[in-house]
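Scroll down for the structure; my scribbles are underneath it.
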Amino acid sequence: MSHAYTREMHPLAFVVSHWTNLCAMVFLTLSGLYIHYPIFPGFMGAARGTHNFWMFVLLINLVVRLVMGFTLKTSKLAGGREKELDIKNFLPQAENRHQLWPTIKYYLFLKKEHPLGGKYNSLQKFAYVLTVPLILLAAYTGFALWGPTSQWSFFLAGTTMVANWFNGGVGGAALMPMRIVHYWTMWAILSFTFIHVYLANIYGFDADRIMFAWKETGTDHA
Amino acid sequence: MAYEDRAFAEQLAARGVTRRDFVKFCGSVAAMLGLSESMVPTIASAVESAAGSKLYPAVWVNGGACTGCTESMAQATYPDVATVVLDILSMNYMETVMMAMGADAEKALYDTVNNNEGKAIMIYEGSVMKGWDGNALRVAGEPSLKILDDLAPKVAAIIAVGSCAVDGGWVKAGPNTADATGVSMYLAEKGIKTPVINLPTCPVNPEWIVAMVVDVLLLGELESGAILGKLDAQGRPKLIFGQTIHDNCPRRGHFENGEFVYQFGSPEEAKGYCLYAMGCKGPQTQTNCPIVRWNNQTSWCVESGSPCIGCGNFNWVDNGAPFLGRMRKVAIGSGSHNGGFAPGVAGAAVGGVVAAALGVHAIGMAATGRLGNMPDTEDVKEHDRKKGGDK
Amino acid sequence: MARSVIDPVTRIEGHLRVECEVENGVITDAWVSGGLFRGMEAVMQGRQPSDAFYIAQRICGVCPISHGHASTMAAEDALGITIPNGARIVRNIIEAAQFLHSHILWFYTLAALDYVNPAKALEANIADTYALAEAAGTSTANFAVVQNKVKTLVEGGDLSIFTGAWLDHPGFAADMPAELHLIAVAHYLEALEIQAEASRVIAIMGGKFPHFMTSIPGGTSWMPTEEKLDDVLFRLMRVRDWVMNTMIPDTLAIAPFYSDALSYGGGTGNFLAWGVFNRESLEMKDRYLPNGAVFVPTSGLTVQDADPGKIAEYVEHSWLSEGESGLNPADGVTVPPKEFPGYDTGDKYSWAKAPRYDGKSTEVGPLARMIVAYLRGVEPVKALIDSTLEKLGAAGKPEVLVSLLGRVAARNLETAVVADWSLEWANELIAAVKGGGVEFFKPLENDNGKGRGMWEAPRGALGHWMNVQGGLIANYQVVTPSTWDISPRDKDGVRGPMEEALVGAPVLDPERPIEAGRIARSFDP
């Protein structure tokens, strides 16, 4: 029943990780757009440096977050303090299956009642899991474009495959289709972010308080 | 030997080439072939002895060409085209410069290849024209495909010069009315196994032909097979086509500093800033143009103030156009240039649609009174409930 | 009666077949077939107007500058742009460098071997060669080394580019001294370096040659620096000196031995030029070499303004025959056949269309430009032609230019005129840069319009037509100089200019029609 946000739901390490993700996304998007087209002069070196730096930060943060998922415990329930391994709250579980379709219907205004969910509803779980391959795709396509790694056969294979889809030629010419895929990946991540920000704030701003400031809300001793 | 040396020096001198120029040329060939400085005397003596001995049989065949590659070859220096065709190769067929004409010219072509089976070199310029059963290009009263069908299996190797010969070039660009293709693609269709060395760009840079001539003929790398190891998966010499123009561009410093040309004729253009914002294809084009340059190292595209258009790329017209834009249009599959969509527009459209949908959704949420009313959550986890852990 | 065929016609740009009917040693009928169709116009559809510049010039590797300029001018005309003065001068210089390159290459590398026989050079006496060179006022070279080189080739049996040549053909002027053959062979080798020098001027201002990069719609992306300006000037001076001291004296020395070529090979006598090398007005009539149309058979030596509206292209004898015939290129179509119709001189026999000006089979090229400029009183063209006619023993008879030899001479005289002008323009550019405030580019603004670029390639009048809708090319048409000259018959069966020029020419040996080769090459097709 609880609408509370407890520190057991989102431990400090996750708050730091969330901040890191936010910064990385902002810097990667802005520097990436600048590299795509330098709308004003003067910052190409800076933009490329920024892009490279935050790419590593984002990747390392992803790894750290996944490791934490398997090692840290978080609260089992929304507003709860009793904990279990985080990954069980994060990954979709068999028990979530019956919630998925009703949740979708709720958000399509086909159903009045929101099914009871855990800390995350089942739709949310799918969306969060999707960010992992999206970030990996962004990283893979990025490495395929980056001078020092673009000739590694692991990345070259992807470049060639993408170029074939787009009738795009081989060798250097194949980099452009890959660049386009990299660019689209950014839009996919941005689209996720839009939805995420929207849903996180549509019922109020308590989620922001816990995720950004680690402030509990709605609990007995708030 | 001494006499031969003098004769060779005289031949060079007659064309205004000094001994020093000649050694310099051998040095640049060595660099291009990835050979050490110590190979310079070997190259020099190989060229010299070639000049005094039996010439290497060669034919230069024009497919669906604009003759620009022949023209480009005529711009070569150290050695100039006359040295190549008179002192190194016996260029028994080269439509644009040969003295013979008509049936006697065709006879020279067939005789050269048939009398030197497995030994002659064929240089092929222009697209392979398959349209109308090869009638898109007629030579000597026949579809010109006949020349490749008859002679390609009998030559030692084909050097495909220029983007047209490599993959069809602009002629193959959509809609490819005349069904053009490249030499290696055509040979693959016909099951002809003759090795093809691909030298793209439009036109070909003559320095690359000269480098291949030295490599293949004078250093004997075709017979030894060493040449094939120097080619990439597309049959291009790795040392010439291994790095991007961007990597070697003299304007690269301006790129890193963020100093760009945003308008032709601007003060930035006058200062020689980076042409990236004008759609330069240097970052995705692999040739050594910035190092070798063009017309006897006089200049090259970027130095003259023009963005690279990527003419050394496969499928370069469809891949590079719009040449003054950062990204080409995307068409999945066969790719007609009339169809397709701009990737930037597509990306922004997806983002915009998502944002708009969320806006509409928020209105719906407000209308149904859900805004600000957080749904209830479970007070016990499902599996706990099942296990009877209900509090 | 016999059919005499040259296929391929070598030493030209592209693929050409010449078929002649020979009767009693004279050509009585002729068919010229363009052998290649690539579909350039279709490639243009749907692309941006600025892309056309890069693609269109690749029609021709020998005259890409002219195609690039015509395409760019069509885009500028369609989108209503007037280029700044700096760009005009830069384009004149680039175009001039290509004219110099092309004419030098044509005369020595392509055409000379029809008149000069390297085998005869072997008989030359070296001392006499120097004496003859001095007497003819042409430059000397290391004649002994050149002779030795030819000897090595002949004796070694590796004839290379001379393999299969008609070295014993009786058509070479019997009275031309061996020493003159040797001088020409020496200059043949030298010309390779000089044409390359002219190309380097294009490389400086346009990045590379063939296929340059800078004359985009709106002006030029090349910006001069002091270093580049004097590089351009001094290279042009070197080329100009060579043209004056070698090419022109060579022409005048060889021409008298082929004076019979003044009596045949004239063709239709109809001439057309759009004009080339803009003055500040950018008007076609005002160009250094102005536009004009001359119809010698019907209106004598009078010139009228040339009007692109009077072009119609016929396809009755072309393999591109499925589109409508008789269209003006502004509304033109290029429709390839579904099935190849086959080569038949009685029906369809060429990929070329048959353009007609005011209904007439019309020749384009240096001869047309020189006649138009002469009749319009353009200096120094008029003075130069008058003095040349005098030297050829035809003073006051400009009509003799309508011949094979006239066509050759016109091209070489034009080289001299353009060489002088190129220095004038280089100095004009230097003065403009010194004066300050000179501009080189104006950005595009409009998205719609119909335009045309009427210009001249070294080989003749050239037009590009572009229809731009919504920022993209909706239709593109090109009429190249060769299309005019190698045109097949039109709907009324009237022969094209090259076909007409062949008729009446003598042929000594129908198996080896060297004379037909000369006439075909005199058009630089």
Single condition C:ALA409 does not satisfy, out of (1) open to solvent by 20 Å² or more (accessible area, probe 1.4 Å); (2) out of contact with any Asp or Glu (no Cβ under 9 Å at 6 or more places or on another chain):
(1)
Members of the stretch B:232-245 that are on the phi < 0 side of the Ramachandran plot and surrounded by fewer than 23 Cβ atoms within 10 Å (Cβ to Cβ)
B:ASP232, B:ALA233, B:GLN234, B:PRO237, B:LYS238, B:LEU239, B:GLY242, B:GLN243
Being at the interface with chain B (Cβ under 7 Å from one of its Cβ atoms) and either under 16 Å from C:VAL150 (Cα atoms) or open to solvent by less than 10 Å² (accessible area, probe 1.4 Å) (or both) is the filter here; which residues of the stretch C:170-194 pass it?
C:LEU189
Check C:ASP358, C:ASP344 and return the single one that is modelled with pLDDT of 95 or more and more than 23 Å from the chain's Cα centre (by Cα).
C:ASP344
Any chance the stretch B:150-170 includes a residue that's more than 14 Å from chain C (Cβ to nearest Cβ) and touching a Lys or Arg at 6+ places or on another chain (Cβ under 7 Å)?
yes
Of (1) more than 8 Å from chain B (Cβ to nearest Cβ); (2) in a helix (DSSP H, G or I); (3) surrounded by 24 or more Cβ atoms within 10 Å (Cβ to Cβ), C:PRO217 fails just (2)
I'm checking my understanding of the structure. Among residues of the stretch C:429-486 that are open to solvent by less than 50 Å² (accessible area, probe 1.4 Å) and among the acidic types (Asp, Glu), which one is nearest to C:ILE81 (Cα to Cα)?
C:GLU456
Within the stretch C:5-33, which residues are assigned to a strand (DSSP E or B), at the interface with chain B (Cβ under 9 Å from one of its Cβ atoms) and either farther than 17 Å from B:MET98 by Cβ or open to solvent by less than 20 Å² (accessible area, probe 1.4 Å) (or both)?
C:VAL5, C:ILE6, C:VAL18, C:SER33
Criterion violated by B:GLU189 - all others in (1) of a type in the set (Asp, Glu); (2) without any contact (Cβ under 8 Å) to a residue 12 or more places away in the chain; (3) open to solvent by less than 40 Å² (accessible area, probe 1.4 Å) satisfied
(3)
Look through the stretch B:99-132, keep the residues that are of a type in the set (D, E, K, R) and more than 27 Å from the chain's Cα centre (by Cα), and return whichever of them is nearest to B:MET73 (Cα to Cα).
B:GLU106
Inside the stretch C:138-156, the number of residues satisfying the requirement of being open to solvent by 30 Å² or more (accessible area, probe 1.4 Å), within 9 Å of another protein chain (Cβ to nearest Cβ) and in a helix (DSSP H, G or I) is 4
Taking B:CYS274 as the residue in question, decide whether it is touching a helix residue (DSSP H, G or I) at 6+ places or on another chain (Cβ under 9 Å), open to solvent by less than 20 Å² (accessible area, probe 1.4 Å), of a type outside the set (Lys, Arg) and closer than 28 Å to C:THR225 by Cβ.
yes
Going by the conditions given, is A:HIS98 over 22 Å from the mean Cα position of the chain (by Cα), farther than 30 Å from A:THR141 by Cα, in a helix (DSSP H, G or I) and of a type outside the set (A, V, I, L, M, F, W, C)?
yes
Selection within the stretch A:57-95 - open to solvent by 60 Å² or more (accessible area, probe 1.4 Å) and in a helix (DSSP H, G or I)
A:ILE60, A:VAL63, A:VAL64, A:LEU66, A:VAL67, A:PHE70, A:THR71, A:LYS88, A:ALA94
Filter the stretch C:481-500 for residues that are of a type in the set (Asp, Glu) and touching a residue at least 40 places away in the same chain (Cβ under 8 Å); the one that is farthest from C:GLY267 (Cα to Cα) is C:ASP490
Go through the residues of the stretch B:323-331 one by one and say whether even a single one is out of contact with any Phe, Trp or Tyr (no Cβ under 7 Å at 6 or more places or on another chain), at the interface with chain C (Cβ under 9 Å from one of its Cβ atoms) and at pLDDT below 90.
yes
List, please: which pairs have Cβ atoms under 6 Å, are six or more places apart or on different chains, and start with a residue in the stretch B:171-183 that is open to solvent by 10 Å² or more (accessible area, probe 1.4 Å) and end with one that is among the hydrophobic types (A, V, I, L, M, F, W, C) and assigned to a helix (DSSP H, G or I)?
B:PRO175/C:ALA42; B:THR177/C:ALA42
Matching entry among A:GLY117, A:GLY204, A:GLY172, A:GLY147 (being at pLDDT below 90 and at positive phi):
A:GLY204
Pick from the stretch C:63-99 the residues that are open to solvent by 10 Å² or more (accessible area, probe 1.4 Å) and in a loop (DSSP other than H, G, I, E, B): which of them is farthest from the other protein chains (Cβ to nearest Cβ)?
C:GLY80
Checked the stretch A:75-109 for anything more than 16 Å from A:PHE14 (Cβ to Cβ), touching a helix residue (DSSP H, G or I) at 6+ places or on another chain (Cβ under 8 Å) and within 12 Å of another protein chain (Cβ to nearest Cβ); matches are A:GLN93, A:GLU95, A:ASN96, A:ARG97, A:GLN99, A:THR103, A:TYR107, A:PHE109
Could you please let me know if C:MET205 is among the aliphatic types (A, V, I, L, M) and open to solvent by 20 Å² or more (accessible area, probe 1.4 Å)?
no
Restricting the stretch B:98-122 to residues that are surrounded by fewer than 23 Cβ atoms within 10 Å (Cβ to Cβ) and over 22 Å from B:GLU142 (Cβ atoms), the one nearest to the other protein chains (Cβ to nearest Cβ) turns out to be B:ASN116
Quickly run through the stretch B:371-391 and pick out the residues that are touching a Ser or Thr at 6+ places or on another chain (Cβ under 9 Å) and either modelled with pLDDT of 85 or more or open to solvent by 40 Å² or more (accessible area, probe 1.4 Å) (or both).
B:ASP376, B:ASP379
Select from the stretch B:343-370 the residues that are open to solvent by 50 Å² or more (accessible area, probe 1.4 Å) and not in a helix (DSSP H, G or I) and list them in ascending order.
B:THR368
Could you check, for the stretch A:38-56, whether at least one of its residues is open to solvent by 30 Å² or more (accessible area, probe 1.4 Å) and in a strand (DSSP E or B)?
no
In the stretch A:103-221, which helices (runs of 4 or more DSSP H) lie fully inside it and hold 3 or more residues that are of a type outside the set (S, T, N, Q)?
A:122-145, A:153-165, A:175-201, A:206-213
Going through (1) assigned to a loop (DSSP other than H, G, I, E, B); (2) out of contact with any His (no Cβ under 8 Å at 6 or more places or on another chain) one by one, C:ALA124 fails only at (2)
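The values are calculated or read from the model by the stated rules, or taken from the named source; none is laboratory data. All figures in this text were calculated on a predicted structure; none of them were measured in a lab. Every residue, glycine among them, receives a Cβ derived from its backbone with ideal geometry; neighbour counts consider all protein chains shown. To get the accessible areas, we keep the full protein, side chains included, count just its heavy atoms, and leave off ligands, DNA and RNA. Shrake-Rupley method; radii C 1.70, N 1.55, O 1.52, S 1.80 Å.
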